[in-house]
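Okay, so here's the structure we're looking at.
The values are calculated or read from the model by the stated rules, or taken from the named source; none is laboratory data. Please read all numbers here as calculations on a predicted model, not as lab measurements. Backbone-built Cβ (ideal geometry, glycine too); neighbour counts: all protein chains shown. Protein only, heavy atoms only, side chains kept; ligands, DNA and RNA dropped before computing areas. Shrake-Rupley method; radii C 1.70, N 1.55, O 1.52, S 1.80 Å.
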Amino acid sequence: MAHFEKREVSVGTCARAFSRPCVHGHACIRCSLLRPDPAQRGRLEEIRDHVVARIAEAGREGWLGEAGGLEVSLAGAVDKLARMDATTARTAAAIDLGVPGFTAAAGRSSDA
């Protein structure tokens, strides 16, 4: 079971198959298999902001290849944050269907 502990990364959990190598070179922010931890939202926002600053620097310096790679990372960070928001909204919008408890469904009470 120790392999599950190896799935933990800085902002969540890696969902790639056990014993499969990471094809992204551990650039988790770009990977669709990263399952972000809502508790790490602040850290993910910091990463996004840092990437934005690095894109600006790359633009000023004329590092077009660097800027292109960073754009991919930025898109990944924005996507992860949007998925976190969607999950939170879905959870907050849960609707009580009024499913009866066991005693009501069984037609008897515990007053016997």
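The table for this structure:
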quantity: Filtered residues of the range 80-96 (kept if in contact (Cβ under 8 Å) with a residue 24 or more places away in the chain and open to solvent by less than 80 Å² (accessible area, probe 1.4 Å)); calculated: Lys80, Leu81, Met84, Thr87
quantity: Of all residues making up the range 7-51, the number that are surrounded by 12 or more Cβ atoms within 10 Å (Cβ to Cβ) and of a type in the set (A, V, I, L, M); calculated: 9
quantity: Matching residues, the range 61-77, being in a helix (DSSP H, G or I) and either loosely packed, with under 15 Cβ neighbours inside 10 Å or more than 19 Å from the chain's Cα centre (by Cα) (or both); calculated: Glu61, Leu64, Gly65, Glu66, Ala67, Gly68, Gly69, Glu71, Val72, Ala75
quantity: Arg54 vs. criteria in a helix (DSSP H, G or I) and open to solvent by less than 80 Å² (accessible area, probe 1.4 Å); calculated: no
quantity: Total residues in the range 59-99, condition within 21 Å of Gly42 (Cβ to Cβ) and either at pLDDT 90 or above or touching a Gly at 6+ places or on another chain (Cβ under 8 Å) (or both); calculated: 11
quantity: Which listed residue, of Val51, Val9, is touching a His at 6+ places or on another chain (Cβ under 9 Å), modelled with pLDDT of 75 or more and of a type in the set (Val, Ile, Thr); calculated: Val9
